[in-house]
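Before any comments, here is the structure.
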Amino acid sequence: MRAALLLAVAPLLMAQAKPLLVPDVSQREIDIAYSFSGAELLLFGAIIYPGGRTPTDTKGADVVVVVKGPTQSIVIREKEKVAGIWVNAGRLRYRSAPSFYAVASSRPLDELVDARTRAIYELGLDSLQLSPASAAPSDVQDRFTRGLVEQRVRAGLFYEAPHAVEISDGVLYRARVSIPARVPVGRFTAETFLVRDGRVLAVAVRDIDIRKKGFERFVAQAADRHEWLYGGAAVLLSVALGWGAGRLARR
């Protein structure tokens with residue numbers, strides 16, 4: 001009986017022996033208006049160790065923070081020069097790719113965990129699980145995946161920031177993540193990982209809502225809810241502007 005009780009309680013005791021993360025973000029909601037030029041998120045929190053005792057060894061723990069935007073289906077096209085003209089030579093569709101991905105860490109990721117752990121938790125641009133929709137050969141998938149990542153890195157939507165997480169007294173951490181002006185709207189997640197000796201010991205998540213405000217929100221809602229009216233209005237507006245420009249040119 002006593003042995004059975006110990007077996008039942010053991011997982012709870014082991015869970016209590018693990019540290020916990022208490023994270024937060026400086027902004028839970030970000031509004032995008034016509035003058036929006038980007039934002040800077042401050043992600044901070046504390047590491048709570050069992051019994052409130054911070055490890056006394058000099059190595060300590062590391063923290064990784066990942067901010068992800070909503071996933072979206074995307075088509076990547078590969079261009080090829082034919083007879084001096086660039087044409088679409090191939091394409092690959094991804095079922096789900098993050099619209100935004102930023103990772104900040106206290107040390108370079110390859111110094112914290114191995115490749116398998118990075119793949120499990122999607123830590124780093126080379127570990128993203130992008131889910132191609134077609135059964136293309138692996139070398140083709142790798143080529144298109146590199147193209148997708150490079151494209152979004154150039155746009156400022158994907159990036160890595162090693163050494164961007166500061167840890168104070170072994171228990172407090174903070175990191176800053178830049179949100180570009182071209183960021184998509186939707187529900188974002190800020191994931192915090194506590195890493196020690198090559199293992200992820202704790203994970204915590206906070207949500208962030210990025211949404212349009214004012215006239216931009218009205219236009220976005222009109223395009224989403226009344227797409228036919230929105231499309232017709234856009235066509236009429238472009239025709240009217242073209243006619244007006246022609247009248248001015250003739251004067």
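Both radii are taken from the alpha-carbon atoms of segment 87-214; with Rh as the Kirkwood radius, Rg/Rh is 0.99.
3J(HN,Hα) along segment 150-160: 5, 4, 7, 5, 4, 7, x, 8, 10, 6, 10 Hz, from the Karplus curve 6.51 cos²θ - 1.76 cosθ + 1.60 with θ = phi - 60°, whole Hz, x for Gly and Pro. Shown here are the Rg and Dmax of the Cα trace of segment 151-218, at 15.6, 50 Å.
Of I48, I30, I167, the residue with the largest accessible area leads and the full order is I48, I167, I30 (1.4 Å probe).
Computed from the C-beta positions of R206 and T54, the FRET efficiency with R₀ = 25 Å rounds to 0.60.
The values are calculated or read from the model by the stated rules, or taken from the named source; none is laboratory data. These numbers were taken from a predicted model, which means no experiment stands behind them. Positions of Cβ are backbone-derived with ideal geometry, glycine not excepted, and every protein chain shown enters the neighbour counts. The accessibility values were calculated without ligands, DNA or RNA, using every heavy atom of the protein model including side chains. Shrake-Rupley method; radii C 1.70, N 1.55, O 1.52, S 1.80 Å.
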